[in-house]
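**Q** Before anything else, here's the structure in question.
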Amino acid sequence: MITDEQRAKARRLFFAEHWKVGTIAAELGLHHDAVHNAIESRSFLAPVLRARAELLDPYREFIHVTLDQYPRLRSTRLHEMLRERGYNGSVFPVRRFVARQRPSRHEAFLRLSVLPGEQAQVDWASFGSIVVGRAKRGVSCFLMVLSWSRALFARFYLDQTTESFLNGHVAAFEAFGGVPRTILYDNLKSAVLEREGDLVRFHPRILELAGHYHFAPKPCAVARGNEKGRVERRIRDLRDGFFAARSFRSVDDLNVQLEEWVHRVQRGRLVPADPDKRIVRDALVEERARLLPLPEHPAATDLVRAVVSGKTPYVRFDRNDYSIPHTHVRKTLSVIASQTVVRVLDGMVEIARHRRSYDAGQQLEDERHLAALTADKRKAREHRGRNRLFAVCHFAREFLAEIALHGGHLGGTTSRLLRLLDLYGAAALNMAIRDAHTRGAFRAESVAHVLDQRRRADGERPVIVVALSDDPRVRDQVVAPHRLDDYDNLADRVGKEASHE
């Protein structure tokens, strides 16, 4: 029953404020019919609606024929066609008439029934992103569900590449202990390259994997997501039952937690619509006997990519630089990357191996590569130094040969002779080397002693030579210079005192 107060308020809101009937009903907490009775709308709305409906009467047969020919034609398009034929009413009577003639239909789906070991369903699911060092990486989960037992395999990755997709398959087969005969895919780019109706072109690496494990890849029908509802349901389970409000240190830590959750929670549930009330764990044991056996060797799923090394001994892969031997710069090489290891090959020969990094802008180095480069640079410097020495001092070749014969250090001797060359000149050094050779003194210090004696005999001041060790730990030592102002001030003060005396 509606009270007099509600009736008066409804009439005021409708006639004075021009509120709609639905708004008045919501505001007063009344049914739409009660509001219509209060404002007595049927007395003035019915003739109007009837008059509008009568405008459509001459066109009803045309609408029937058109809908029979084009059952999914929209009411707005029908309205445009009617206006071209003289109809001057609004689209609303057309919509009401079409709704009665073409009631909305809800598609019914058959329950999908499969045999044990017959089918699995596969999909990717995105779970946001995480920060790895200076890189932001997307977190994705690969899922495979056995359709009969509902057993789930899931693993998180930091990408959705084909290689990760294949790796997920291989890991799932190992976890299930066998291979389903058919695997159902949605139109994933990792699986389906191109599709035109029922014509499907699968990714060649999926076909290669199918040939290795003997399963048949099968695409879902277009607009039939229900066909892989089992894996869709598992995605919702992961989002709500596992991932929500979960903390983890890395994707490896996340996968450890996921594996424990799958074994403890997901495989402890009842198999849906199973008359025998089996749990997933027990159903998997039964289904495993019906799966195809695993091959002797797992399929290779590593990424293989050709790269060109630059002038520095590194190759760039996935936003990071990995060191290689310096003998392989400016060459075309192959990078083979798994989820954990990056290998670099020259043809069939492995020349470098590194732990894979998902950071960005990192240099991952093998100390042996850098040590070999340093040693090679040192040898090159020594070689250039000897060539320079031989070019200006023709006695130097025999002198160094004698040093080598007596077990001396050629590199250090060459370095010291080059310093003497810069201090005394080529002619003086050549004569000094000859004299030292004549005396049988096969050391750089002997040559320096001969040079110093001659300089003193000529009445010149001796040259003070500071001999630094060739040990790189000494030669590369950085010494911070000190200010000499205090010494200058002291010298000035002593000079002034002497002048006063």
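The values are calculated or read from the model by the stated rules, or taken from the named source; none is laboratory data. All values reported here derive from a predicted model rather than from experimental measurement. Here the Cβ is made from the backbone with ideal geometry for all residues, glycine too, and neighbour counts use every protein chain on show. To get the accessible areas, we keep the full protein, side chains included, count just its heavy atoms, and leave off ligands, DNA and RNA. Shrake-Rupley method; radii C 1.70, N 1.55, O 1.52, S 1.80 Å.
**Q** May I ask you to list the chymotrypsin sites (Phe, Trp or Tyr not before Pro) in segment 175-218 that are in a DSSP loop and have at most 14 other Cβ atoms within 10 Å of their Cβ?
**A** Answer by residue number: there is no such site.
**Q** Follow-up question, since we're still on this one. Pick out, in residue order, every one of the trypsin sites (Lys or Arg not before Pro) in segment 116-145 that is DSSP loop and has at most 14 other C-beta atoms within 10 Å; say none if there are none.
**A** For trypsin sites (Lys or Arg not before Pro) across segment 116-145 that sit outside H, G, I, E and B with at most 14 neighbouring Cβ atoms in 10 Å, the list reads R134.
**Q** Within a Cβ distance under 10 Å of R74, other residues only, what is the Lys/Arg minus Asp/Glu net charge?
**A** +2
**Q** At 0.36 nm per residue, minus the direct Cα-Cα distance, what do D159 and L405 gain on full extension? Give it in nm, one decimal, please.
**A** Gain on extension, D159 to L405, equals 82.4 nm.
**Q** Moving on. How far is helix 410-424 tilted, in degrees, relative to the longest principal axis of the Cα atoms in the chain, given as a value from 0 to 90 rounded to the nearest 10?
**A** Roughly 70 degrees between the two axes.
**Q** Say the cut-off is 32 Å between C-alpha atoms; which of K189/K311; K136/K189; K331/K379; K228/K277 go over it? Kindly include the intermediate steps, with their values, before the conclusion.
**A** Working: K189/K311 36 Å; K136/K189 22 Å; K331/K379 23 Å; K228/K277 22 Å.
Pairs exceeding the cut-off: K189/K311.
**Q** Taking the Cα centre of segment 349-419 as origin, work out the dipole magnitude from +1 charges on Lys and Arg Cβ and -1 charges on Asp and Glu Cβ, in debye rounded to 20.
**A** About 260 debye.
**Q** Then there is this: Any idea what angle helix 162-176 forms with the longest principal axis of the chain, computed on alpha-carbon atoms, 0 to 90 degrees, nearest 10?
**A** Orientation of helix 162-176: about 70 degrees from the principal axis.
**Q** Which of these values of volume of the Cα convex hull per residue in Å³ was calculated from the structure shown: [x] 136; [y] 442; [z] 156?
**A** Step by step, volume of the Cα convex hull per residue in Å³ for this structure corresponds to label [y].
**Q** Mind putting a number on the dipole of segment 135-234 about its Cα centre? Charges go on the C-beta only, +1 for Lys and Arg and -1 for Asp and Glu, and I need it in Debye to the nearest 20.
**A** Dipole magnitude for segment 135-234 comes out near 320 debye.
**Q** Continuing with the same structure: What value, in deg cm²/dmol to 500, does the helix sum -39500 (n - 2.57) over DSSP H runs of n ≥ 4 give at 222 nm once divided by the residues of the chain?
**A** -14000 deg cm²/dmol
**Q** Which of the listed residues, T301, F92, S247, is farthest toward the dipole's positive end in the chain, when Lys, Arg count +1 and Asp, Glu count -1 at the beta-carbon?
**A** F92
**Q** Below 14 angstrom from the Cβ of T332, what's the summed charge of the other residues (Lys, Arg +1; Asp, Glu -1)?
**A** Values: positive: R305, R316, R330, K331; negative: D346.
With Lys, Arg at +1 and Asp, Glu at -1, the net is +3.
**Q** By DSSP, what percent of the beta bridges with both residues in the chain are antiparallel, rounded to the nearest 5?
**A** 80
**Q** Ranked from the most accessible area to the least, with a 1.4 Å probe and all protein chains present, what is the order of T332, T76?
**A** T332, T76
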